[in-house]
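Here the structure is laid out as structure tokens; the discussion comes afterwards.
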Amino acid sequence: MAAYPAWDQDSARMIVAGLAHLEGATLPILHALQDEFGYVDPQAVPLIAEVLNLSRAEVHGAISFYHDFKTTPQPRRTIKLCRAEACQALGCETVVDELSRTHGIAVDSHHAGDAAVETVYCLGNCALGPSALVDGELIGRVDAARIAGLCQHGRAQ
Amino acid sequence: MSATPVRIFVPVDAAALSVGAEAVAQAVAREAIARGLSVEIVRNGSRGMLWLEPMVEVETAEGRIAYGPVAAKDVAALFEAGFTSGGAHALRLGKTEELDWMKRQQRLTFERVGIIDPLSIADYRAHGGFKGLEKALALTGGEIVEAVKASGLRGRGGAGFPTGIKWKTVHDAKAEQKYIVCNADEGDSGTFADRMLFEGDPYLVIEGMTIAAIAVGATRGYIYLRSEYPHAHRTLLRTILKAEAAGMIGASVMGSQHAFHLEVRLGAGAYICGEETSLLESLEGKRAIVRAKPPLPALQGLFGKPTVVNNVLSFAAVPWIMDHGAQAYADYGMGRSRGTLPIQLGGNVKRGGLIELAFGITLREIIEDMGGGTLSGRPIRAVQVGGPLGAYLTAEQLDVQMDYEALAAMRAMLGHGGIVVFDDSVDMAKQARFAFEFCAKESCGKCTPCRIGATRGVETMDRIIAGAEVPKNIAVLRDLSKLMTDASLCAMGGLTPMPVLSALNHFPEDFDRPPLPLAAE
Ligand SMILES: Cc1cc2nc3c(=O)[nH]c(=O)nc-3n(C[C@H](O)[C@H](O)[C@H](O)COP(=O)(O)O)c2cc1C
Ligand code: SF4
Ligand code: FES
């Protein structure tokens, strides 16, 4: 599981500089920053704008457009639970209900301590749903108890 | 004294991993060492029988024998039963090629998936890889374009536009730089063929893109992959490096004077990036706002340059066409839908997975014969075809053939070939509400009918679900749907009414609700 270092403007600058030569470098840079720190700090905006010769508004606009990019530090573990149609057909909404009712975990609210469960739409595992993506690994036929356990695990470590 | 190792196949496909394939591979390795057996574990793609995953295969003198679904705790018993020579065991399924699911298919695009080691270029070549590219290298760009046109190949990403015609436009355009872009956003619920191909036979997509580059005179290419596919991403990063090292792509494509530089780029969780102009904006580093067409991306695409944008499966069909000839491909299919379609069967179905067949099989044959009906064992009530923008069909409508025109004739669409099955516990009013909710969340925001309409749609559905003034609100719903259909810039807003109206028209009983005791608003 990722334990992210605190935001560091100097290493952020190095990451940005290292990727600036790419065509359309904005998304690769944002991904690289998020991979490193777990989020993209607002301090990155002027940095990227300057290096790529964009306005700050353009950079901020890109960050805020995409669901993936977070602008605040994230819990150590994020569990992405699929709530698209094929997983709905296999009961993912029951999993969501049970998570909140039985385990006190509200999906898409970021107050679950060191772990959070968030909604995604389709993980490409639609024949073996409900599906979740946990620290980059796909889990099929998932239920509420398993997800709650993974949240606990996220906190313990 | 060391005998040739027994080859044992344990899939590395993400779906197989999602139900424990990694633990199985480790157990096989441990058990083999403990028994002093010489085995070679190949991490292959999935054969597509996802309900049998993890499905382990063993190479024997009579062919590959499948066992599944195998849990790590079964592995010791399998060795005990002599599975390394195809021994009998409760999990033994028989020869893979002779399983019903496999025998019925016509695998052209997926012919190697599950069979080869996806990372091995030698394996790829040994199973017919590169033949299409080699033949293409002997032709002019114009001749390649003509062959793709003659094959009848239509884009597999959704709209079904003829691939050859698109390539011809880019071929004829004059520019110092042209691009090839592979749309691997695969955001539709119920679809996973692109992912399975990347994880099971990635060089095929690279080969298809390279042929496209030679055909139109492009020297740079991008694969825009959704970030929800970390396994496919890892595989692609490795295969691109290997393809470069092997001289398949790079400064010289297989020793020719063609250069083709390929990169994979990750999306960032936005469904609209599957729309091709929005994808281009995203590749350029901007917010993924849909562009008005014209200009067509074929003429002014990435960075304003002529660009081929095709789906993964469209590119992947091309090497086969080049190798076996356009006519051989066109001989599969029906009407104006030529060739084969990778069908993805998911949701509440007993045997879900990937099936590649010529166009023309009926939905009922797929869901009932191959899929075995619902997983829950309850009756099928609704089937959504073609992703979140596709229509819901009833159990009575399943005799429709899988074909672009046949589905369009019943106000449905094929899309990327995804089929999602629901049993009779589904609430179709909730599904209609979800269609609007999804559109509201994923709209790019450029045009009012989609941006505001979808939000209004959610509100209207909430009132209907609460039983508030139902006839009046259904009239609002129809009005809104018409407006979104007629006035949206792209298919996101334009097609959201398709799931909504199909739910309303085919399942009116779910919308006809008594008022809730505590009627909201
Ligand atoms: C909202 C929306 C989402 C789309 N998503 C995808 C997608 O995930 N993959 C894809 O190949 N095409 C998708 N398309 C279709 C593309 O815009 C485009 O038609 C396609 O990539 C062209 O390739 P093809 O001709 O090979 O099908 C989408 C279209 C819309 C309107
Ligand atoms: S219909 Fe929706 S997604 Fe498409 S351009 Fe308009 S606002 Fe954007
Ligand atoms: S719909 Fe959940 S994985 Fe595809």
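The values are calculated or read from the model by the stated rules, or taken from the named source; none is laboratory data. What you are looking at is a predicted structure, and each value in this text was computed from that prediction instead of being measured. All Cβ positions, even for glycine, are placed from backbone atoms using ideal geometry, and neighbour counts span all protein chains on display. When the accessible area is computed, the model is the full protein with side chains, heavy atoms only, and any ligands, DNA or RNA have been set aside. Shrake-Rupley method; radii C 1.70, N 1.55, O 1.52, S 1.80 Å.
Qualifying GluC sites (Glu not before Pro) in the range B:1-104, where qualification requires a DSSP coil assignment and no more than 12 other C-beta atoms within 10 Å, comprise B:Glu62.
For chain A, what's the relative contact order in percent, using C-alpha pairs closer than 8 Å and at least 6 residues apart? For chain A, the relative contact order is 21 percent. Comparing Cα centroids, the range B:7-56 and the range B:473-521 end up 46 angstrom apart. With a Förster radius of 41 Å applied to the beta-carbon distance between B:Ala122 and B:Phe303, the computed FRET efficiency rounds to 0.65. With viscosity 1.306 mPa s and temperature 10 °C, the Kirkwood radius over alpha carbon pairs of chain B converts through Stokes-Einstein to a diffusion coefficient of 66 µm²/s. Extension gain for B:Glu396-B:Lys472 works out to 24.5 nm (0.36 nm per residue, less the C-alpha to C-alpha distance). What is the local net charge at B:Glu57, summed over the other residues whose Cβ is closer than 10 Å to its Cβ (Lys, Arg +1; Asp, Glu -1)? Combined, the nearby Lys, Arg, Asp and Glu give +3. Computed over protein heavy atoms with a 1.4 Å probe, the carbon and sulfur contribution to the accessible area of the range B:40-156 reaches 52%.
Test of understanding: what is the full-extension gain from B:Phe161 to B:Ala259, defined as 0.36 nm times their sequence separation minus their Cα-Cα distance? Answer, rounded to one decimal: 32.5 nm. Annotation for B:Asp427 and A:Glu23: the two label points, set 7 Å from Cα along the Cα-Cβ direction, are 4.9 nm apart. Membrane-span-like helices in chain B, defined here as complete DSSP H runs extending at least 15 Å along the helix axis by their C-alpha atoms with mean Kyte-Doolittle hydropathy no lower than -1.0, are B:21-34, B:141-151, B:202-216, B:230-245, B:312-324, B:428-442, B:448-465, B:470-487; this is a sequence and geometry rule, not a statement about a membrane. Annotation for the range B:162-243: GluC sites (Glu not before Pro) lying in DSSP loop with at most 14 further Cβ atoms inside 10 Å of their Cβ are B:Glu176. Distance distribution note for the range B:73-211: the fraction of Cα pairs above 17 angstrom is 73%. Straight-distance candidates among the lysines for linking to B:Lys103, with alpha-carbon spacing under 17 Å and chain neighbours fewer than 8 residues away dropped: B:Lys95.
Taking every DSSP beta bridge that has both ends in chain B, the antiparallel portion is near 55%.
Label reach from B:Arg238 (point 7 Å along Cα→C-beta): in the range B:92-132, amide nitrogens under 17 Å belong to B:113-125. Between the amide H of B:Arg220 and those of B:Lys178, B:Ile180, B:His261, distances stay under 5 Å, these residues lying 5 or more places away or on another chain, with hydrogens modeled in the peptide plane. Only helical runs count toward this figure. For chain B, summing -39,500 (n - 2.57) over DSSP H runs of n ≥ 4 and dividing by all residues gives -11500 deg cm²/dmol at 222 nm. Pairing chains B and A buries close to 3600 square angstrom of accessible surface in total, based on protein heavy atoms and a 1.4 angstrom probe.
Shown for the range B:1-47: residues covered by the partner protein chains by 50 Å² or more of accessible area relative to the chain by itself (probe radius 1.4 Å), namely B:Ser18.
The DSSP beta bridges internal to the protein assembly as shown are antiparallel in roughly 55% of cases. The three principal axes of the C-alpha atoms in the range B:176-225 carry coordinate ranges of 39, 19, 12 Å, sorted with the longest axis first. Judged by the gyration tensor of its Cα atoms, with axes a ≥ b ≥ c, the protein assembly as shown is rounded; a/c sits under the 1.5 cut. Both radii were evaluated on the Cα set of the range B:149-281; the Rg over Rh quotient, with Rh as the Kirkwood radius, amounts to 0.95. Centroid-to-centroid, using Cα positions, the range B:228-289 and the range B:420-447 are 30 Å apart.
Considering all different alpha carbon pairs of the range B:288-419, the Kirkwood hydrodynamic radius works out to 16.6 Å. By the gyration tensor of its Cα atoms, with a ≥ b ≥ c the square roots of the eigenvalues, what is the shape of the range B:386-455: rounded for a/c under 1.5, prolate for a/b over b/c, or oblate? Oblate, because a/c is 1.5 or more while a/b does not exceed b/c.
Within a straight-line Cα-Cα reach of under 16 Å, B:Lys135 can be paired with the following aspartates and glutamates, leaving aside sequence neighbours fewer than 8 residues apart in one chain: B:Glu143, B:Glu146, B:Glu207, B:Asp323.
Loop-located chymotrypsin sites (Phe, Trp or Tyr not before Pro) in the range B:177-265 (DSSP state not H, G, I, E or B) with no more than 14 neighbouring Cβ atoms inside 10 Å do not occur. Pairs over the 18 Å Cα-Cα cut-off, from the set B:Lys178/B:Lys286; B:Lys293/B:Lys446; A:Lys80/B:Lys441; B:Lys305/B:Lys446; A:Lys70/B:Lys441; B:Lys286/B:Lys446: B:Lys178/B:Lys286; B:Lys305/B:Lys446.
Spatially, the range B:114-145 and the range A:20-60 are offset by 38 Å when compared through their Cα centroids. Only alpha carbons enter this Debye calculation for the range B:209-334, each as an equal point scatterer, and the log10 of I(q)/I(0) it gives at q = 0.19 Å⁻¹ is -1.20.
Once both labels are positioned 7 Å from their Cα atoms along Cα-to-Cβ, the gap between B:Arg451 and B:Glu80 label points is 6.6 nm. Fraction of C-alpha pairs exceeding 12 angstrom in the range B:195-247: 66 percent, rounded to a whole number. Going by a ≥ b ≥ c, the root eigenvalues of the Cα gyration tensor, does the range B:40-119 fall in the rounded group (a/c under 1.5), the prolate group (a/b larger than b/c) or the oblate group? Note, shape of the range B:40-119 comes out prolate. DSSP beta bridges confined to the range B:156-261 are antiparallel in about 10 percent of cases. Eigen-decomposition of the gyration tensor built on the alpha-carbon atoms of the range B:315-385 gives equivalent ellipsoid semi-axes of 30, 12, 8 angstrom, largest listed first.
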